[in-house]
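The structure appears right after this line, and notes come after that.
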Amino acid sequence: MGAWGIKALESDEGLDVVDYLTEYIPKHYDLKLSEVIAAMKDEGFFGEDFEDIEFFFDHSAMTLSELYLIYSDTGKLDYDDDEEDEKVFSKIRSFSADNKSIDFLLRYLTDIRDQVPDVDGEREIVELWKDSSEYQQWNEHLLWLINRLNKIQEGRNKIERTINHGNVSKLYDGGF
């Protein structure tokens with residue numbers, strides 16, 4: 001594990017995801033998290049199912065969560081390679097997610113948090129971080145990712161419940 005910080009994006013594996021997205025994005029400037037997950041699954045960034053536990057799959061889920069949350073907060077991703085004059089990430093027009101794709105990431109992250117073991121009886125990503133002096137900060141970051149995705153999911157579910165109950169006017173209570 002080559003890492004220079006506690007975030008998944010601060011690691012070699014995180015940069016593998018960024019490199020993959022550099023190739024993926026030019027065909028998809030309006031990103032849909034569900035489509036990104038499906039494409040990454042096809043390329044081996046995620047297992048066949050949640051029982052297929054690997055360090056790289058966990059790292060991919062954390063990296064994709066970080067990227068989605070960065071875009072949600074800032075409306076951009078600053079991962080263009082200025083040295084190579086590659087302007088890919090700055091061309092993203094949108095990055096949307098549905099409940100199913102958020103659930104997918106949350107399942108990975110909560111399995112990491114809960115240390116759901118692989119066939120060898122451990123969760124490698126957790127074991128590696130436990131051996132680090134930065135385990136506590138890494139674990140807090142993991143919990144922050146889970147909390148943020150949960151809040152997005154809860155907000156989305158609240159809006160859907162409001163619409164489904166015919167109380168569309170409640171959506172406009174904020175002065176819209």
What residue, among those in region 21-38 that are buried (at least 17 other Cβ atoms within 10 Å of the Cβ) and within 14 Å of the chain's Cα centre (by Cα), is nearest to Phe89 (Cα to Cα)? Leu21
Contact list, first residue from region 114-131 and in contact (Cβ under 8 Å) with a residue 24 or more places away in the chain, second anywhere and assigned to a helix (DSSP H, G or I) and among the β-branched types (Val, Ile, Thr), beta-carbon distance below 7 Å, six or more apart or interchain, is Arg123/Ile112; Ile125/Ile112
Scan region 3-31 residue by residue and report those that are touching a strand residue (DSSP E or B) at 6+ places or on another chain (Cβ under 7 Å) and either among the polar types (S, T, N, Q) or not in a helix (DSSP H, G or I) (or both). Ala3, Ser11, Thr22, Asp30, Leu31
Picking from Lys100, Lys41, which residue would you name as being part of a helix (DSSP H, G or I) and surrounded by 15 or more Cβ atoms within 10 Å (Cβ to Cβ)? Lys41
Within the bounds of region 73-90, is there any residue that is under 27 Å from Lys151 (Cβ atoms), surrounded by 16 or more Cβ atoms within 10 Å (Cβ to Cβ), out of contact with any strand residue (DSSP E or B) (no Cβ under 6 Å at 6 or more places or on another chain) and free of Cβ contacts under 8 Å to residues at least 40 places away in the same chain? yes
Looking at region 61-71, is at least one residue free of Cβ contacts under 8 Å to residues at least 60 places away in the same chain, surrounded by fewer than 19 Cβ atoms within 10 Å (Cβ to Cβ), on the phi < 0 side of the Ramachandran plot and assigned to a helix (DSSP H, G or I)? yes
Hey, does region 75-90 have a residue that's within 21 Å of Glu54 (Cα to Cα) and in contact with a helix residue (DSSP H, G or I) (Cβ under 9 Å, 6 or more places away or on another chain)? no
Selection count, region 25-61, where residues are touching a Lys or Arg at 6+ places or on another chain (Cβ under 8 Å), of a type in the set (A, V, I, L, M, F, W, C) and farther than 29 Å from Lys130 by Cβ: 1
Which numbered condition trips up Glu48, out of (1) assigned to a helix (DSSP H, G or I); (2) exposed (fewer than 13 other Cβ atoms within 10 Å of the Cβ)? (1)
Region 24-79: number of residues that are at pLDDT 95 or above, within 15 Å of Gly14 (Cβ to Cβ) and acidic (Asp, Glu): 2
Gln136: free of Cβ contacts under 8 Å to residues at least 12 places away in the same chain and on the phi > 0 side of the Ramachandran plot, yes or no? no
Looking only at residues in region 103-132 that are among the polar types (S, T, N, Q) and not in a helix (DSSP H, G or I), which one is farthest from the chain's Cα centre (by Cα)? Ser132
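The values are calculated or read from the model by the stated rules, or taken from the named source; none is laboratory data. Fair warning: this is a prediction, and the values are worked out from it, not measured in the lab. Ideal geometry is used to build each Cβ from the backbone, glycine not excepted, and the neighbour counts take in all protein chains shown.
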